[in-house]
Amino acid sequence: MTSALHPQASANNLQTGARVALFGMLVNLIFAAAKILGGLFGHAYVLIADGIESALDVAGSFVIWGGLKFAARPPDETHPYGHGKAEPIAAMIVAIGVLAAALGLAIQSVREILTPHHGPAPFTLGILIVVIVVKEILFRYVNRIGRHVESTAVQTDAWHHRSDALTSAAAFIGISVALIGGSGWQSADDWAALFACAVIAANGIRLLRPAFYEIMDTAPRGKIVRSIRQTARSVPGVIDVEKCRARKMGLDFYVDLHVGVDGSISVYEGHEIAHQVKRAIQQSDSRIADVLVHIEPAQWYR
């Protein structure tokens, strides 16, 4: 893909991510209402806790959706590199919200364990089976899209669905134990809720790290820098590539590199080589929005 087509491709990817987040928000809203009502009428606190987690996912999906919509805005005078940082900022806000939810639910779970209450109703298991199946399917679908467009925020949203499936599975086990065990096992669903809180917290930490790294302009992992170096070296007139730096901005990458050329060529010839290097790198990977090439005499490296 040429650099001329790149901005449109990036905007399309962001719009796709926003639509996925909006769809996930609607699914979470339905499940949150079903689980909270089922937990209230079925005397299952773990189901209420799971419903609250789904409600937080609604808020999280809304933040992700808003972040992606904002990140899709084109560059302007105050944001010459675009608004891509809105994407990891949204992911970070959601991850912190997940950690806060895990702490709050854990405190309430301990209170429920210490307070005698009725055992859960059998119909609550049916709600959880539907949730587990739908959420796992949704996780696989959203995660595939997130990987395809390389969006930290969309992948964060996907793991929210997996987290919901895991907490619902824990709730299913807890309620099953409470129903099978009978008297004396009524608190099994509360212990399951406590386990679900640990799963939620672990996912929150796992989601927070990549968003934090991206905001801090941490060097991208993987083959992208190595690929950029190889592409630059393949351009006629390039003798060596010294420095090569890349940073992620939303779904895009911005690259700075120093290229060594024959020191006896004219300024015009060096300028042309720099343009060829930039064009070759952008054509090699549509995610690369811009390349800053610094030309130096190759003998400086020796």
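Some observations on this one:
- In the set 36, 48, only one residue is in a helix (DSSP H, G or I), of a type in the set (A, V, I, L, M), surrounded by fewer than 20 Cβ atoms within 10 Å (Cβ to Cβ) and at pLDDT 75 or above; that residue is 36.
- Residue 256 vs. criteria surrounded by fewer than 16 Cβ atoms within 10 Å (Cβ to Cβ), under 37 Å from the mean Cα position of the chain (by Cα) and modelled with pLDDT of 85 or more: yes
- Within region 134-167, being among the polar types (S, T, N, Q) and part of a helix (DSSP H, G or I) holds for 143, 152, 155, 156, 163, 167.
- Verdict on residue 91 being of a type outside the set (D, E, K, R), open to solvent by less than 20 Å² (accessible area, probe 1.4 Å), in a helix (DSSP H, G or I) and modelled with pLDDT under 85: yes
- Search result, residues across region 261-289 that are crowded, with 19+ Cβ neighbours inside 10 Å and either in a strand (DSSP E or B) or among the hydrophobic types (A, V, I, L, M, F, W, C) (or both): 261, 273, 274, 277, 281, 288, 289
Here's the yes/no breakdown for (1) surrounded by fewer than 17 Cβ atoms within 10 Å (Cβ to Cβ); (2) over 19 Å from the mean Cα position of the chain (by Cα); (3) of a type outside the set (Ser, Thr, Tyr):
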position: 129; (1), (2), (3): yes, yes, yes
position: 133; (1), (2), (3): yes, yes, yes
position: 140; (1), (2), (3): yes, no, yes
position: 147; (1), (2), (3): yes, no, yes
position: 159; (1), (2), (3): no, no, yes
position: 162; (1), (2), (3): no, no, yes
position: 169; (1), (2), (3): no, yes, yes
position: 180; (1), (2), (3): yes, yes, yes
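The values are calculated or read from the model by the stated rules, or taken from the named source; none is laboratory data. Owing to the predicted nature of the structure, the values given are computational and were not obtained by experimental measurement. Here the Cβ is made from the backbone with ideal geometry for all residues, glycine too, and neighbour counts use every protein chain on show. Protein only, heavy atoms only, side chains kept; ligands, DNA and RNA dropped before computing areas. Shrake-Rupley method; radii C 1.70, N 1.55, O 1.52, S 1.80 Å.
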